Amino acid sequence: MLEPNIAGGIVGGLLIGSASVLLLAASGQIAGISGILGGLYGKWTDTDRLWRLIFLTGLIAGAGLISIFSHGLTVTLQTQGFQLILAGILVGFGTRLGGGCTSGHGICGLARRSKRSFTATLIFMVTAMVTVYLIRHVIT
């Protein structure tokens, strides 16, 4: 029997992978969250906006369901408000600079064997590791 955290990760990964494959097969769209969100503001048809809204609503609803079934989702922020805002701006800048986010490149791009996505994901991961190291061992 798997521990709940491991089982949850496996189930979550299977759901994310399945949703990515289904979206690509059904519409030819890549399940990159930044691209889906950004597409809400483009010159798209109402049908295109609808699937984007449904997809994003499902992401939020999924977190709500986890909260309900796990007897409350607890989120603890270990940063100040300014740092959180700065982090959000840097992530937004990074997704723009990298031509997509970790979900688009790391899940969908790698599955399609995209060299560009492999490079982007490698840069995302190395940057994350260096950032964590600096914050935990150098800055504090």
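The values are calculated or read from the model by the stated rules, or taken from the named source; none is laboratory data. These numbers come from a predicted model, not from an experiment. Note that we place each Cβ from the backbone using ideal geometry, even for glycine, and neighbour counts take in every protein chain shown.
Just give me the residues in segment 126-140 being of a type outside the set (Val, Ile, Thr), modelled with pLDDT under 90 and within 25 Å of Ile107 (Cβ to Cβ), in sequence order. Walk me through how you get there before you give the answer.
As a first pass, look at segment 126-140 and keep what is of a type outside the set (Val, Ile, Thr): 128-129, 133-134, 136-137.
Still in the running and modelled with pLDDT under 90: 128, 136.
Within segment 126-140, Ala128 is the sole residue that qualifies.
What about Ile10, is it within 26 Å of Cys108 (Cβ to Cβ), aliphatic (A, V, I, L, M), touching a helix residue (DSSP H, G or I) at 6+ places or on another chain (Cβ under 8 Å) and modelled with pLDDT under 85?
Values: within 26 Å of Cys108 (Cβ to Cβ): yes; aliphatic (A, V, I, L, M): yes; touching a helix residue (DSSP H, G or I) at 6+ places or on another chain (Cβ under 8 Å): no; modelled with pLDDT under 85: yes.
Answer is no for this residue.
Tally time: how many residues in segment 23-63 are over 22 Å from Val91 (Cα atoms) and at pLDDT below 80?
The number of residues fulfilling the criteria is 5.
Among (1) of a type outside the set (Gly, Ala, Ser); (2) closer than 30 Å to Arg112 by Cα; (3) modelled with pLDDT under 85, where does Leu77 come up short?
Among (1) of a type outside the set (Gly, Ala, Ser); (2) closer than 30 Å to Arg112 by Cα; (3) modelled with pLDDT under 85, the lone unmet condition for Leu77 is (2).
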